[in-house]
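Below is one structure, written out as structure tokens; comments come after it.
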Amino acid sequence: MRIKSKIQELDEWLFIEDIPDSYIPEKPLVENRLEINRTPIKMVNFQLSTSGLFILHSKMSFDRPVHIHTEVEGEAITSQFIFFKAVDSKLPYGMSRHNIRYIPSVKSIHEVKPGIEYTYFIAVISKDYYLNLIKRDSVLHKHFVEEIEKGEYVSFSQEEQMATYEMQHTISELIESKKTGEIRRLHTESRVVELLMYQFEQYNDRHLNNHTLFNDEDIEKLELSRQILEQRIANPPTQKELAAEVLMSESKLRKDFKEYFSVTIHDYLTRVRMEKARTYLLEDKLSVYEVALLTGFGHQNNFSSAFKKYYGISPGELKA
């Protein structure tokens, strides 16, 4: 595969990567970083590549419209995520879209709007590597493989899907990993498989449940409710208060949240709290008492019990 991308207004390639199609387990990962900060562009790129796999994570915003030119030569499967929000937004996340696609070869030009902060993630996987990760006869992607064999561009899901908390967390783990050498390569591969599994699972759950389409207004309210929960884990609103804040009835919010995010409001808040608690304990080295306060537990004992129930070990054991 050959993968190239450039910003037409700069008239220079951001990267040109030649990736072997064959899956070679012993081939090491190569990491590259690129930062651009000149009018009209602010961009920070992170790249990982090895045989059969290319990963790009990019944060970018623009002062005026620009055009991004991308080329992929050779058969590839992509796991692609786009997160976007207004530059002046104080919310941690904005709207999101993702899909899995088969690309026999493609050249595309996309206009990117100013005043929007974009976070873009894509894993480009050679056909050979993809079918090594997910076996050809797996029921998870049977219809997708049938389309791949036709050799024509196709998306796994007809509609773009919304990125779940688990997907965002997996992407963060992959990008922020401090592992090195062979362990880093194995960790990267496992996270790519995990991400694909979450995408398959979300599609299959919605397909089996005859998932109803949400209008743009409902999606905005659901995304806002998710972000409110993430921002206020120390003092989260009740479900009644949350519903009033996003201008939905409590029953509709509970029902739509579960269907749209594939998790209840209560379980989603628990996940966010526990993941944040783990970061506070391991990375920020805060005390159990401090973490209990920051994650909204009235007492340290309540936090410790919830943490052990979620992870199987106590906060003290994790810090040891």
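The values are calculated or read from the model by the stated rules, or taken from the named source; none is laboratory data. This is a predicted model, so every value here is computed, not measured. So basically every Cβ, Gly included, is an ideal-geometry build from the backbone, and we count neighbours across all protein chains shown. SASA here: full protein model, heavy atoms, side chains in, ligands and nucleic acids out. Shrake-Rupley method; radii C 1.70, N 1.55, O 1.52, S 1.80 Å.
Can you find, within region 118-142, the residue that is farthest from Y23 (Cα to Cα) among those that are surrounded by 12 or more Cβ atoms within 10 Å (Cβ to Cβ) and without any contact (Cβ under 8 Å) to a residue 40 or more places away in the chain?
Across region 118-142, the extreme among qualifying residues is S138.
Quick one: G115 ticks every box in (1) in contact (Cβ under 8 Å) with a residue 24 or more places away in the chain; (2) farther than 28 Å from E223 by Cα; (3) loosely packed, with under 13 Cβ neighbours inside 10 Å; (4) touching a Phe, Trp or Tyr at 6+ places or on another chain (Cβ under 9 Å) except a single one, so which number is it?
The one condition G115 does not meet is (2).
Run H299 past the list (1) of a type outside the set (K, R); (2) modelled with pLDDT under 90; (3) buried (at least 17 other Cβ atoms within 10 Å of the Cβ) and report the number of the one that doesn't hold.
For H299, the failing item is (3).
Determine whether V145 is part of a helix (DSSP H, G or I), without any contact (Cβ under 8 Å) to a residue 24 or more places away in the chain and open to solvent by less than 30 Å² (accessible area, probe 1.4 Å).
So V145 passes the test.
Against the condition more than 20 Å from M1 (Cα to Cα), surrounded by fewer than 18 Cβ atoms within 10 Å (Cβ to Cβ), at pLDDT 90 or above and charged (D, E, K, R), how does K90 come out, does it pass?
no
Wholly within region 258-320, which helices (runs of 4 or more DSSP H) include no fewer than the required count, namely at least 1 residues that are within 19 Å of the chain's Cα centre (by Cα)?
Result: 265-282.
Would you say S249 is among the hydroxyl-bearing types (S, T, Y), surrounded by 18 or more Cβ atoms within 10 Å (Cβ to Cβ) and more than 30 Å from N132 (Cα to Cα)?
no
Got at least one residue in region 56-64 being under 22 Å from E173 (Cβ atoms) and surrounded by fewer than 18 Cβ atoms within 10 Å (Cβ to Cβ)?
Checked against the condition, which is being under 22 Å from E173 (Cβ atoms) and surrounded by fewer than 18 Cβ atoms within 10 Å (Cβ to Cβ), region 56-64 yields at least one hit.
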